[in-house]
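Chemist: Sharing a structure below in structure tokens format, with a few things to ask.
The values are calculated or read from the model by the stated rules, or taken from the named source; none is laboratory data. The structure presented is a predicted model; accordingly, all values stated were derived computationally and were not measured. Positions of Cβ are generated from backbone atoms using ideal geometry, with glycine treated the same way; all protein chains shown enter the neighbour counts. We work out accessible area using only protein heavy atoms, side chains counted, and drop any ligands, DNA or RNA first. Shrake-Rupley method; radii C 1.70, N 1.55, O 1.52, S 1.80 Å.
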Amino acid sequence: MLKITDFRGGYHKGAAIVEHISLDLQGQRITSLLGANGAGKSTILRGICGLLPWHSGEVHFDGQRIDLLPPHEIARRGVRMVPEGRGTFAALSVLENLHIGGSGLPAALRRQRIERELTRFPRLHERSSQTAGMLSGGEQQMLAIARAMMSDPRLLILDEPSLGLAPIIVDQLFVLFPQLANEGTQILLVEQDVGRGLEASESAVVIEKGRITTQGRSAELLKDPRVQESFLGLV
Ligand SMILES: Nc1ncnc2c1ncn2[C@@H]1O[C@H](COP(=O)(O)OP(=O)(O)OP(=O)(O)O)[C@@H](O)[C@H]1O
Ligand SMILES: [Mg+2]
């Protein structure tokens, strides 16, 4: 379970991009991190994954402090991120990308998981020998998620998975998230579409200018006049 306490961080010493960030994902299946462009969402995610050069505060995962660990060690403990822009290896095939996602696993288990992911994403199955760079945007997003799922992460962090995708593909992705959560993978989802993010999650955190301004149960935030006015254009 992820717990962040009074996190402050940025890319240059002394210049904080996000501060006073505290959140606890205990008991949450899907949490959405919402906010406008430049609010600091990706910066928080990088902080969780050990990729932010400067920070203070603490990040705990399963009761152990992880913010001082190198990124690969944080990943090994079960925190996987699909970054903005997806980050698949364009020159490698779908299968090769999945193999990399399962690196460190015994060969038989790795093959079993590749089968599982190709069953989950039939489009990837059809294109398994194609290079990732030749996939459509939606297919690349599926591959990025499949690759992250190869390690059976405890926490899957998705940074704007819907960006640039056709509405029908976005709908498919949003059907997928509760399925992944049912398999025991907690999800932290960054989404710019506040309404959509709230509908897809049990709890939500709204970031504005590097700080948390609203936090709570998604169903309640959907009814909150301040959220409706600021983000949903309803009032
Ligand atoms: N590598 C970097 N070096 C310096 N500043 C950065 C870097 N990445 C982001 N920033 C700055 O940090 C601030 C927050 O950026 P961040 O990427 O966290 O926003 P975001 O909420 O993810 O926005 P978006 O929705 O556009 O992805 C921005 O002002 C941005 O210019
Ligand atoms: Mg971002």
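Chemist: For the stretch 96-235, what is the accessible area per residue in Å², given a 1.4 Å probe and the full set of protein chains?
Modeler: With all protein chains present, the stretch 96-235 gives 47 Å² per residue.
Chemist: For the chain, build the convex hull from the C-alpha positions and give me its volume per residue in Å³.
Modeler: 120
Chemist: Just to confirm my numbers, what's the Cα centroid distance between the stretch 134-180 and the stretch 71-96 in Å?
Modeler: When both Cα centres are located, 12 Å separates them.
Chemist: Between Ile17 and residues 5 or more places away or on another chain, which pairs have amide H atoms under 5 Å apart, with H built 1.01 Å from N, and which residues are they?
Modeler: Excluding prolines and chain starts, which carry no amide H, the hits are Gly9, Gly10, Tyr11.
Chemist: Let me ask you something else. Running a GNM on the chain with Cα contacts under 10 Å, which residue among Val18, Val175, Val82 ends up with the highest mean-square fluctuation?
Modeler: Result: Val175 has the largest fluctuation of those listed.
Chemist: Rounded to the nearest percent, how much of the accessible area of the stretch 88-152 (1.4 Å probe, protein heavy atoms only) is carbon and sulfur?
Modeler: Carbon plus sulfur share of accessible area: 56 percent.
Chemist: Considering only DSSP beta bridges with both partners in the chain, what is the antiparallel share in %, to the nearest 5?
Modeler: Taking every DSSP beta bridge within the chain, about 55 percent pair in antiparallel fashion.
Chemist: Also: What are the ³J(HN,Hα) values, in whole Hz, obtained from phi via the Karplus relation 6.51 cos²θ - 1.76 cosθ + 1.60 with θ = phi - 60°, for each residue of the stretch 180-196 in sequence order, with x given for Gly and Pro?
Modeler: Computed from phi, the couplings for the stretch 180-196 are 5, 4, 5, 7, x, 9, 6, 10, 10, 10, 8, 8, 8, 7, 4, x, 5 Hz.
Chemist: Just to check I understand the Karplus step: with θ = phi - 60° and J = 6.51 cos²θ - 1.76 cosθ + 1.60, what whole-Hz values come out for the stretch 35-50, glycine and proline as x?
Modeler: After applying 6.51 cos²θ - 1.76 cosθ + 1.60, I find x, 6, 4, x, 5, x, 4, 5, 4, 4, 4, 4, x, 4, 8, x Hz.
Chemist: Charges on Cβ only, +1 for Lys and Arg, -1 for Asp and Glu, centred on the Cα centroid of the chain; of Ala219, Ala39, Phe121, which one is farthest towards the dipole's positive end?
Modeler: Farthest towards the positive pole: Phe121.
Chemist: OK, next. With every protein chain kept in the model, how would you rank Lys209, Lys13 by accessible area, 1.4 Å probe, largest at the top?
Modeler: Solvent-accessible surface, decreasing: Lys209, Lys13.
Chemist: Taking a ≥ b ≥ c as the square roots of the Cα gyration tensor eigenvalues, with a/c under 1.5 meaning rounded and otherwise prolate when a/b beats b/c, else oblate, which class fits the stretch 88-152?
Modeler: Here the stretch 88-152 falls in the prolate category.
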